[in-house]
Amino acid sequence: MVRHDIESQRERARLNRMEIIDAKLSRREMMKYGLLTAGGALVAKSGLSIRAASAGGAVTSPATTPFIEPMRVLTPHSGSRLQDDLDHCTATVSDDPKEAARAAHQLWKGNEPQVVYNFTQKPRLYRPHPKLAEQNIWTFRDFNKDTESPLTMIHARYGEPSMVYSHNELPANHKGYGNPMVTTHLHNAHNASESDGNPTDYFGPGSYKTFHYPNMYAGGDEREALGFLWFHDHCMDYTSQNVYRGLVGTYLLFDRYDSGNEEDTDSKAIRLPSGKYDVPLVIENKVYDKNGVAYFDLFNLDGIIGDKFLVNGNVQPYFEVDRRRYRFRLLNTGPSRFYQFKFSNGMKFWQVSNDGNLLPFPIERDSVSMSVAERMDIVVDFSGVTDNIVYLVNVLEHKDGTGPTGKILSTGVGDKILQFRLGAKVTDNSRVLTKTTELRRLPDINMSEVKKERNWTFNRRNGAWVVNGELFNRNVVNARCQKNTAEIWNITNASGGWSHPIHMHYEEFQILSRNGVPIKDGDPEKSRKDVIWLHPNETVKIFVRFRDFTGKYPLHCHNVVHEDHAMMARYDVVDDASS
Amino acid sequence: MDMRRRQFLVSSAVIVGGVLLGTTMADLIAPAEGESFDGSPDGRFPNIVLHGHDGGAYRFYDDLIRDKIVLINMFFTGCGDICPLSTQHLVQAQEMLGDRVGRDIFMYSITLNPELDTEPVIRDYAETYGVGPGWLFLRASRDDTELLRRALGFVDPDPALDADLETHIGVVKFGNDAIGRWGACPSFADAEEIVAGVRTLDPIKRT
């Protein structure tokens with residue numbers, strides 16, 4: 001670089017700074033005046049001498065022999081129905097100094113809890129594989145290490161409101177990744193803001209908070225029934241770390257139709273496989289250090305892609321199954337990996353839900369793809385399988401936090417996640433599914449309810465995530481949506497080559513189109529969703545209603561590493577007109 | 001520490017070796033060990049030498065990170081895009097954090113353009129923005145800067161964007177070395193968000 005260039009650059013930079021400082025411009029103003037766009041000949045383009053870009057990723061897990069331990073099953077947490085416990089529940093915060101502050105529970109009257117659960121979040125020792133260390137993981141409750149999954153489960157029913165006392169007994173002096181501040185989010189639940197587990201509503205060790213789960217249909221419409229939800233910690237800036245530590249659970253929600261009883265005599269019951277044949281498969285992706293302890297790269301801004309796959313808390317377990325139908329509830333907890341699942345024998349199965357919400361009709365498939373936080377219920381029939389061993393295999397290549405490469409591996413090369421060991425043929429009274437089995441009709445899309453159309457554009461600016469050009473500020477409301485109206489949202493990925501699982505809290509939605517192409521009947525996305533797999537340069541149009549509660553909710557990327565770097569916006573449901 | 005990282009550090013140490021009088025080669029090769037926590041990075045911080053706008057020389061881990069609450073971002077004075085805004089917001093954050101900055105909280109802005117950003121230039125930059133005590137503007141050799149940039153994760157996975165100074169990573173890492181807790185947010189985020197992040201680093205006192 002010649003000397004006068006350097007001088008003029010310096011001078012220009014100095015003048016720039018002085019101008020900006022003199023004018024005391026705000027971020028918004030700078031955007032407006034274009035001062036925040038890249039460009040202006042302020043800097044030489046030569047940049048730094050760069051080695052091949054591959055930050056982090058230096059850690060490889062120790063070898064773990066696959067399929068030597070049985071898969072732990074999630075067992076439903078038995079709540080209390082004792083009158084004393086129910087009487088103790090209050091809409092307002094009690095005078096107990098240990099109870100964390102919150103707004104009074106909305107719609108309390110008529111939705112008073114009928115079941116009470118206690119979560120005690122604290123470290124518990126667990127060995128996720130014989131070749132790995134016994135290590136502290138964080139869980140919501142105690143569990144039998146020999147048989148039970150460390151992940152908690154609740155079986156809930158529509159019309160049966162519940163209350164969760166979420167106790168934070170994590171160590172205040174905790175060292176290492178994770179933050180012992182917590183806020184439990186029940187993902188996809190139709191819950192009031194104060195019970196949503198908003199990222200900014202975290203509370204500290206030694207205190208507790210109550211979460212009211214009314215288990216009510218959105219807008220009283222039973223077509224809005226949710227089926228497979230999950231809860232996880234959502235602490236602002238630390239969600240990925242705290243989820244990685246283990247604060248994960250599932251929440252199964254039943255009603256008259258999806259009753260959780262395959263022998264239900266109610267003619268309206270769908271009779272999907274139930275009891276021990278209704279099995280959540282919670283898939284976590286991790287990497288372990290040389291000591292066999294779960295390792296989290298605190299200096300990776302893009303996403304954590306691990307080399308170990310856990311099902312229900314254990315690395316590559318086996319599962320002994322009967323030769324009959326099963327309902328598997330697949331959940332991808334991330335933190336950052338996307339999947340495409342197949343069975344090693346290529347067998348077909350029925351997809352019956354998307355994001356845990358029943359489809360109108362089963363869809364026959366031989367693979368399902370899942371971005372982070374998505375849930376899929378599938379019904380698999382082992383009765384006609386001749387092999388004695390079948391694997392659940394991931395065939396989607398995914399190397400870094402930008403998203404999957406798109407390359408589909410052959411099942412022989414893909415990652416074997418779970419081994420099924422097939423046993424005897426047994427009685428099966430669950431319904432035989434066909435393409436015309438009615439599951440749950442979709443709510444009508446009525447455009448006359450739409451009061452506003454909004455654009456949400458996710459972008460990347462200097463390694464930071466912006467939504468509609470704005471950085472996240474918890475006190476700035478990016479959208480006010482009027483209660484009892486509907487809106488059209490256009491969600492756009494303008495971040496270059498990145499894929500993002502975009503999640504909105506509170507209300508599920510229906511996807512109308514992707515890049516202008518309408519979603520047709522029979523498409524698995526013709527469904528009720530709460531996560532969108534947003535491909536590079538894609539715009540997804542959704543229809544969403546706002547009902548029953550008011551308050552703040554986030555819209556964010558569920559690659560939780562992106563989320564922890566503020567890839568988030570805030571919308572509020574309000575009584576007043578939308579803005 | 002795994003071999004890959006150790007070799008990487010050894011090769012870089014050759015470049016900085018002998019910069020600081022009284023520093024042995026072993027000091028420079030050794031990454032900062034710090035206290036090891038379950039599953040947390042091991043030897044994450046290269047102990048490279050940086051020079052501050054105050055004229056001081058500092059080893060990255062031993063003098064700047066160890067047992068401190070810190071904010072770290074990377075910048076260069078010629079940046080007309082996000083650095084002016086980041087620095088402004090960090091100045092506001094410094095004001096909001098009050099006298100803790102310089103006592104138990106320390107702020108570091110490390111230049112990505114050390115040839116251009118000489119000591120007088122970064123001193124002038126700090127003065128222009130009204131930076132208070134407890135916040136150092138720092139420069140290291142180009143190779144050490146690159147080593148540090150990678151160690152801190154200020155890397156874009158797109159090689160073209162990564163090679164372009166104008167699209168450098170505008171993120172501030174905040175961390176508390178004593179408890180191994182680290183988070184990050186955009187460096188040009190509103191100061192209240194940056195401060196909210198820093199406040200998550202205090203060990204929690206039971207009331």
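Summary table
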read-out: Theoretical FRET efficiency, 1/(1+(r/R0)^6), r = Cβ-Cβ of A:Leu86 and A:Lys407, R0 56 Å, to 0.05; value: 0.55
read-out: Protein-protein interface of the stretch B:137-172, residues with accessible area decrease of at least 50 Å², isolated chain reference, 1.4 Å probe; value: B:Arg142, B:Glu146, B:Arg150, B:Pro157, B:Ala163, B:Glu166
read-out: Positions from the stretch A:447-468 whose accessible area shrinks by 50 Å² or more when the full protein complex is built, not the chain alone, probe 1.4 Å; value: A:Asn462
read-out: Farthest toward positive dipole pole in the protein assembly as shown [+1 Lys/Arg, -1 Asp/Glu at C-beta], among B:Pro114, B:Tyr61, A:Pro280; value: A:Pro280
read-out: Cross-link pairs A:Lys342/A:Lys425; A:Lys451/A:Lys552; A:Lys98/B:Lys173; A:Lys268/A:Lys526 - those with Cα-Cα distance over 21 Å; value: A:Lys342/A:Lys425; A:Lys98/B:Lys173; A:Lys268/A:Lys526
read-out: Selection of trypsin sites (Lys or Arg not before Pro), the stretch B:45-145, meeting DSSP coil and at most 13 other Cβ within 10 Å; value: B:Arg103
read-out: Accessible surface buried upon A-B contact (total; probe 1.4 Å; Å², nearest 100); value: 6600
read-out: By accessible area with a 1.4 Å probe, ligands and nucleic acids excluded, highest first: order of A:Arg375, A:Arg431; value: A:Arg431, A:Arg375
read-out: Candidate residues A:His167, A:His155: accessible-area rank, largest first, probe 1.4 Å; value: A:His155, A:His167
read-out: Test item: A:284-296 mean partner chain Cβ contacts at 10 Å; value: 3
read-out: The stretch A:486-572: Cα Rg divided by the 2.2 N^0.38 Å rule of thumb; value: 1.08
read-out: Shielded by partner chains, the stretch A:216-259 residues - at least 40 Å² of accessible area, 1.4 Å probe, vs chain alone; value: A:Asp237, A:Tyr238
read-out: Estimated dipole of the protein assembly as shown in Debye, rounded to 20 [Cβ of Lys and Arg +1, of Asp and Glu -1, Cα centre]; value: 1140
read-out: Surface accessible to a 1.4 Å probe, A:Arg480 within the full protein complex, Å²; value: 100
read-out: For the protein assembly as shown: rounded, prolate or oblate by the Cα gyration tensor [a/c cutoff 1.5]; value: prolate
read-out: Nearest 10 degrees, 0 to 90: helix A:3-23 Cα axis against chain A principal axis; value: 70
read-out: Chain A, helix-only ellipticity at 222 nm - DSSP H runs n ≥ 4, -39,500 (n - 2.57), divided by all residues, nearest 500; value: -2000 deg cm²/dmol
read-out: Local electrostatic count at A:Leu534 - Lys and Arg +1, Asp and Glu -1, tallied over other residues with Cβ under 15 Å; value: -2
read-out: DSSP-defined beta bridges in the stretch A:79-236 - what % are antiparallel, rounded to 5; value: 70
read-out: Chain A - accessible surface per residue (Å², probe 1.4 Å); value: 36
read-out: Estimated distance in nm for a label pair at A:Thr265 and B:Lys68, the labels positioned 7 Å out from Cα along Cα-to-Cβ; value: 7.5
read-out: Cβ neighbours within 10 Å from other chains - mean over B:103-116; value: 1
read-out: Percent accessible area from carbon and sulfur atoms, the stretch A:257-318, protein chains only, probe 1.4 Å; value: 41
read-out: Probe 1.4 Å - accessible area at B:Thr167, Å² to nearest ten; value: 30
read-out: Fraction of beta bridges assigned by DSSP in the protein assembly as shown that are antiparallel (%, nearest 5); value: 70
read-out: Filtered trypsin sites (Lys or Arg not before Pro), the stretch A:97-170: DSSP coil and at most 15 other beta carbons within 10 Å; value: A:Lys98, A:Lys109, A:Lys131, A:Lys145
read-out: For A:Cys235, solvent-accessible area (1.4 Å; no DNA, RNA or ligand), Å²; value: 0
read-out: Listed residues B:Lys173, A:Lys425 arranged by accessible area, highest first, probe 1.4 Å; value: A:Lys425, B:Lys173
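The values are calculated or read from the model by the stated rules, or taken from the named source; none is laboratory data. Note that the structure is a prediction, hence the values are computed from the model and not measured. Methodologically, a virtual Cβ is constructed for each residue, glycine included, from the backbone with ideal geometry; neighbour enumeration extends over all protein chains shown. Accessible surface is based on the protein model in full, side chains and every heavy atom, while ligands, DNA and RNA are left aside. Shrake-Rupley method; radii C 1.70, N 1.55, O 1.52, S 1.80 Å.
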